[in-house]
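Notes follow the structure.
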Ligand code: 5GP
Ligand code: MN
């Protein structure tokens, strides 16, 4: 999508109150881009009052400057002149959606394909970039950049690309990453601490999910689920389940991986990943969710079997289309 690049500082120029927020259950890209934006605007617009509201982020992100200033109570004083919604469209803002609705001006910066044009008065949506962090960095005036801002952007990029492994990693992404590490922060330690390191309970949950996974559709799909009882037993939160879906996805022969956890009675939060040709964003959107071509999610009601059956049907439709296309191409 080609879009004229907004001038971020111009858009915020006369704003007294700026509020930054992102999606519910914030991930590395959401937290990294919100804090990068926060640090940048505080520096570039010292007169403005800048604030970040997000659901409580995972402790591993404490290494990003400004982490302690994130407000998870969503208490906003006075009118918001500029609301910046990052890494999502308004329906995933959670408690911040009401603040968004009442703000004088809304800016939306996102890279999800399911967010077609953006939901703000001013939009910067580019589906071709790896992460919202990469998009946000593109809008920053380099004169205000520093090592702390660079680190926040870098964390966003590494998390959404699975450490530069997913297909959303482009030569441009790597060039941006190279520029960022020139600011001089300890990037190998950051990757270990925020991405690879797991607590004992997290490893146990990963182990259980792998052990209980089921492959179907002749090995092209894999599914696993964690029920509420198990989550309660480990006193686990959704962030303790990060990484399970990635491990399922790299099972040899698998095109599509499904991981779900029970969020309530007959309700599952579903994560979808694909390797080469299934557009999981289409599947997620069908069930009211969204995401990217190779990584998407949604919430579905029903028993485990209902959920698997319903999702499988959508995946199978795409696999059939793919086979049909291949047959026609071979003719
Ligand atoms: P995950 O499976 O890691 O939760 O999410 C994968 C991708 O899909 C992320 O980019 C995430 O923002 C998006 N996503 C996950 N769940 C939902 C959902 O319920 N609605 C929308 N619109 N996007 C989702
Ligand atoms: Mn993202």
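The values are calculated or read from the model by the stated rules, or taken from the named source; none is laboratory data. On a predicted model such as this, the values are computed, not experimentally measured, just so you know. Here the Cβ is made from the backbone with ideal geometry for all residues, glycine too, and neighbour counts use every protein chain on show.
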*Out of 136, 113, report the one residue that is closer than 23 Å to residue 65 by Cα and either touching a helix residue (DSSP H, G or I) at 6+ places or on another chain (Cβ under 7 Å) or not in a loop (DSSP other than H, G, I, E, B) (or both).*
136
*Could you give me the residue pairs with C-beta distances under 8 Å whose first residue belongs to region 295-311 and is in contact (Cβ under 8 Å) with a residue 24 or more places away in the chain and farther than 30 Å from residue 127 by Cα, whose second residue is part of a helix (DSSP H, G or I) and within 13 Å of ligand 1 (Cβ to nearest atom) wherever it lies, and which are 6+ apart or on separate chains?*
none
*Give region 263-282 a look and list any residue that's away from ligand 2 (no atom under 16 Å from the Cβ) and closer than 16 Å to residue 220 by Cα, or say none.*
274, 275, 276, 277, 278, 279
*Could you list, in sequence order, the residues of region 51-90 that are under 25 Å from residue 130 (Cβ atoms), assigned to a loop (DSSP other than H, G, I, E, B) and either within 16 Å of ligand 1 (Cβ to nearest atom) or at pLDDT below 95 (or both)?*
54, 55, 57, 58, 87, 88, 89
*Check region 63-84 and report whether any residue there is closer than 20 Å to residue 147 by Cβ, surrounded by 24 or more Cβ atoms within 10 Å (Cβ to Cβ) and within 22 Å of the chain's Cα centre (by Cα).*
yes
*What are the pairs, 6+ residues apart or on separate chains, where a residue within region 147-161 that is closer than 14 Å to residue 179 by Cα has its Cβ under 6 Å from a residue that is assigned to a helix (DSSP H, G or I) and near ligand 2 (Cβ under 10 Å from one of its atoms)?*
152/32; 153/133; 155/28; 155/32; 157/133; 157/134
*For region 168-196, which residues satisfy the criterion of being within 15 Å of the chain's Cα centre (by Cα) and either within 13 Å of ligand 2 (Cβ to nearest atom) or assigned to a loop (DSSP other than H, G, I, E, B) (or both)?*
168, 169
*What tally of residues in region 120-129 results from selecting those that are buried (at least 20 other Cβ atoms within 10 Å of the Cβ) and either under 17 Å from residue 156 (Cβ atoms) or within 15 Å of ligand 1 (Cβ to nearest atom) (or both)?*
3
*Take region 15-38 and flag every residue that is more than 23 Å from residue 163 (Cα to Cα) and not in a loop (DSSP other than H, G, I, E, B).*
17, 18, 19, 20, 21, 38
*For residue 277, which of the numbered conditions (1) touching a residue at least 12 places away in the same chain (Cβ under 8 Å); (2) more than 29 Å from residue 58 (Cα to Cα); (3) assigned to a helix (DSSP H, G or I) fails to hold?*
(3)
